[in-house]
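Below is one structure, written out as C-alpha cells; the observations come after it.
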Amino acid sequence: MSSEEKTSKEGLIEFYSSYRELFEFFCNNTTIHGAIRLVCSRNNRMKTAFWLVLFLVTFGLMYWQFGLLFGQYFSYPVSISVNVNSDKLFFPAVTVCTLNPYRYQSVLNDLEQLDRDTQETLYTLYGYNVTGVQGRVPASRRRREAEEPIPFPLERIPTGEGPHRNVRSVDTSESDDIEVKRREWNFGFKLCNETGGDCFYKTYSSGVDAIREWYRFRYINILARVPKFGDISEEQLENFIFACRFNEEHCLTDGNYSHFHHPIYGNCYTFNHNRSESETWNSSMPGIKNGLTLVLRTEQHDYIPLLSTVAGARVLVHGHKEPAFMDDGGFNIQPGVETSIGMRKETVNRLGGDYSDCSEDGRDINVKDLFNSDYTQQVCVRSCFQAIMVERCGCAYAFYPLPSGAEFCDYKKYKSWGHCYYKLDKEFTSDELGCFTKCRKPCHLTDYRLNAGYSRWPTKVSENWVLQTLSKSNTTARNNVAKLNIYFEEMNYKTIQESAAINMVMLLSLMGSQWSLWFGSSVLSVVEMGELVFDVIAIGVIILAHRRLAKRNQSVEEAGRAPTPDPSYGQREHQHPEMPQTLPSQSQMRVVADITPPPAYETLDLRSMGGGSSRNSSLRSHVSHHAEVPWRGE
C-alpha cells in the first residue's frame with residue numbers, strides 16, 4: 001500500500017476543523033425541517049437571517065411548551081374515575097347506645113354529692129327547688145357552712161366585662177335576690193394554673209349549656225376513679241335490646257356483638273365488629289328483610305340527667321375494624337318511631353406518594369395508635385391529642401384510651417388539669433397543635449351514605465299487643481320503645497379511583513406532538529440534536545486542549561534559550577594557558593548542545609542532497625574535527 005493511499009484513508013475518529021464546517025454538515029444532512037434553508041440561502045443574507053430567526057423562535061417556543069409540560073407533570077395532577085359495581089356486600093358494623101350514662105357503684109357516693117351540688121347551684125341561680133335528682137337527693141337540701149365549698153363553683157359574670165370580671169359567687173346570700181336576665185349575665189366557672197397566677201372563666205351565655213358543661217367537667221373527675229374494667233352487670237346491658245334479627249335470623253347471641261360504656265352516651269352495643277372475613281355478615285339482596293332489625297328500649301329514666309337531655313338511642317354505622325366515635329357521625333332515633341336507614345356503599349382509593357397527601361396504613365405517621373384499630377384520621381387525631389395531653393398536663397383525658405404509664409385526670413390529684421385541658425382544647429381546635437396537619441387522610445376509605453325514613457311505631461291499633469309481647473310486664477309505654485332497620489338500598493356501589501393525569505407515556509406523547517408541530521421531526525431528529533451538541537462540546541474541548549499544549553511548548557522553548565555569558569569564563573581561560581584553544585570547555589559544549597536544533601535526517605542523505613551547500617558541509621567538517629581531537633586530560 002503506497003503512502004498516498006495511507007494518508008488518504010479515513011481515521012477511526014475525526015473531528016471537524018471548524019464550527020462553520022460542523023454547522024454546514026448538520027444543516028445539509030439533518031432531518032429537521034427548515035435547517036437546510038440556512039445553507040441553501042447563504043448567498044442571500046436576508047433569507048439566511050429570516051430562516052435563522054424563524055428557526056430560533058420555533059426552537060424557543062417548543063422548549064417553552066416543554067417547560068409547561070414538565071411543570072404539569074411534576075405538579076402530579078390526578079384524574080378521578082367513578083366506577084359502579086354490583087356484588088355481594090359485607091355488612092358494616094353498627095353501634096347503638098342508650099343515651100343514659102350509667103352510675104357506677106364504685107363512685108355512687110361521689111355522683112350523689114355532685115347531684116347535691118347541682119341542686120344547690122340550680123336553686124341559687126334560678127330559685128329552682130329540686131325535689132330530687134330522679135328521686136336520689138332530698139328536696140330543698142341546703143349546703144351547711146361546715147361542709148367543704150363547692151369545687152369550681154358556677155358563677156354569674158356580667159356581660160361586657162374585661163379579663164378582671166366582677167363575678168358573683170353562687171354561695172353569696174345576696175345572689176338569691178338578683179334576677180337572672182340572659183342579656184345581662186353570662187355563666188361560667190373559674191380555672192387556674194398550679195400557682196394561681198393564670199386564671200380564666202369558662203363562660204356560656206346559656207345557663208343550660210353552662211350547667212351541663214360544669215356538670216360534665218365535674219363528672220370527668222369522678223369517672224377517673226372508676227376501676228379499669230368498670231362494674232357494669234350483664235343484666236343491665238341486655239335490658240336495652242328487646243330483639244335483634246339479621247337476614248331474618250336471630251342475632252342477639254354471643255359473638256355477634258360486643259359492648260362498652262361511653263361516659264356520655266351510656267351503654268353501647270356494637271354488632272359485626274372485629275370479626276374475621278368468613279364470620280362477617282354480608283348481604284346478597286337489598287331491602288329491610290336482608291338487613292339488621294333492632295327493637296330497643298328507650299326508657300326516659302335518665303341515670304345521669306344533666307349529661308343527657310334527650311330521649312331515644314344513638315346509632316353509628318362504621319367500618320368493621322374502626323372504633324365507634326359516637327360524637328362524629330352518629331345520629332339519634334326517636335322513641336315511639338320506626339327508623340329505617342338505607343345505605344349506599346362508596347369506596348375511595350387515593351394515589352399515595354407525590355400525588356396525594358395520604359397514608360396507606362398510618363405507619364409513616366409519628367403518632368402512636370391508642371385504639372389498636374385500622375388507621376383513620378380520627379383515630380390518629382385523638383391519639384395525637386391524648387399524647388400531648390399527657391405530656392403537657394401530666395394526665396390523660398377520660399374519654400380517650402389510657403396510654404401506658406399514665407392515669408386519668410382528677411382534680412384531687414391534678415388540681416390544674418382543667419386549666420390545662422381547656423387551653424389545650426382551644427389550640428387543638430385551631431390546629432395549633434398540628435394534629436390535623438400531622439394526621440393525613442387514609443389512602444383507602446370506605447364510606448356509607450345513609451338515607452333515613454320515619455314512621456309511627458307501633459300504631460294505635462297494634463300498640464297494646466305489640467308492647468305486651470315485647471315486655472313481660474304491662475308497664476312498657478310506647479314512648480319507651482323504638483325500632484331500627486338498617487339495610488342496603490341497592491347492591492350497586494361506587495368506587496372512586498384516582499389515577500395519574502399525566503404519566504410518563506402521556507408525557508412522551510405530548511413532547512412528540514410538540515416536536516412534530518414545531519419541527520416536523522422524530523426521535524431520530526432529537527438524537528441528531530444531541531449529536532450536534534456533543535460535537536460542539538468536543539470541538540471546544542479539543543481547541544482548549546490545543547491551546548494549553550501550545551502554551552506549555554512555548555514555556556519549554558523559553559526555558560531552553562541560551563543563557564547570558566558568564567564573565568568569569570575569560571578569567572578561567574587565562575588561568576589555564578595550557579588548555580588548547582581548539583578544544584572547547586565543558587560549559588561551551590553544554591551550550592552548543594542546548595541550542596543546537598535536532599538534525600533533519602533527510603538532509604543527511606548525500607544522494608538526496610546532491611552537491612549540498614557549503615554551510616552543511618562546513619557544519620559536518622566542524623563536527624568531525626571536534627570528534628577527532630583527543631582530550632588532553634585523558
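The values are calculated or read from the model by the stated rules, or taken from the named source; none is laboratory data. Remember, predicted model here, so these are calculated numbers, not experimental data. Note: ideal-geometry Cβ built from the backbone for every residue, glycine included; neighbour counts use all protein chains shown. Surface accessibility is based on the protein's heavy atoms, side chains included, excluding ligands, DNA and RNA. Shrake-Rupley method; radii C 1.70, N 1.55, O 1.52, S 1.80 Å.
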Original post:
In whole Å, what is the distance between the alpha-carbon centres of region 245-311 and region 533-559?
Top reply: 88
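Per 0.36 nm of contour for each residue apart, how much would the distance between Leu507 and Leu54 grow if the chain were fully extended, relative to their Cα-Cα spacing? Write down the numbers at each step before the final one.
Working: separation 453, 0.36 × 453 = 163.08 nm, distance 2.61 nm.
Additional length available on full extension: 160.5 nm.
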Original post:
How about region 320-371: which trypsin sites (Lys or Arg not before Pro) there lie in a loop by DSSP and see at most 13 other Cβ atoms within 10 Å?
Top reply: Arg363, Lys368
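What does the charge add up to near Arg37, with Lys and Arg as +1, Asp and Glu as -1, over the other residues with Cβ less than 14 Å from its Cβ? Intermediate values should be presented prior to the final figure.
On the way: positive: Arg42, Arg45, Lys47; negative: Glu24.
Once all neighbours under 14 Å are counted, the net charge is +2.
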**OP:** Go through Met285, Met326 and list them by solvent-accessible area, largest first, probe radius 1.4 Å.
**Re:** Met285, Met326
Original post:
With every protein chain left in place, what is the accessible area of Asp364 in Å² (1.4 Å probe, nearest 10)?
Top reply: 90
Subject >> Amide H contacts under 5 Å for Phe408, placed H, 5+ residues apart >> reply: Ala396
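How about region 388-479: which GluC sites (Glu not before Pro) there are in a DSSP loop, with at most 12 other Cβ atoms within 10 Å of their Cβ? Present the calculation step by step, with values, prior to reporting the outcome.
Numbers: sites: Glu391, Glu407, Glu427, Glu432, Glu463; in loops: Glu407, Glu432.
Passing both the DSSP loop test and the Cβ count: Glu432.
How far, in nm, would the chain grow between Lys551 and Ile496 when pulled straight, counting 0.36 nm per residue and subtracting the alpha carbon separation? All intermediate terms of the calculation are to be shown ahead of the outcome.
Numbers: separation 55, 0.36 × 55 = 19.80 nm, distance 7.07 nm.
Value of the extension gain: 12.7 nm.
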**OP:** Within region 270-301, list the GluC sites (Glu not before Pro) lying in a DSSP loop whose Cβ has at most 14 other Cβ atoms in a 10 Å radius.
**Re:** Glu277, Glu279
Original post:
Which order do Trp281, Trp465 take by accessible area at a 1.4 Å probe, largest first?
Top reply: Trp465, Trp281
Original post:
What FRET efficiency do you get for Asn193 and Lys441 if R0 is 35 Å and r is their Cβ-Cβ distance, rounded to the nearest 0.05?
Top reply: 0.45
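Quick one: which of Lys321/Lys460; Lys345/Lys483; Lys415/Lys441 span more than 32 angstrom between C-alpha atoms? Spell out each step's value before the answer.
On the way: Lys321/Lys460 41 Å; Lys345/Lys483 23 Å; Lys415/Lys441 37 Å.
Beyond 32 Å between Cα atoms: Lys321/Lys460; Lys415/Lys441.
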Original post:
From the cross-link list Lys88/Lys289; Lys190/Lys412; Lys202/Lys438, which pairs have alpha carbons spaced over 18 Å apart?
Top reply: Lys202/Lys438
**OP:** Quickly rank 382-388, 549-555, 102-108, 442-448 as a protection proxy: mean count of other C-beta atoms within 10 Å, highest first.
**Re:** 382-388, 442-448, 102-108, 549-555
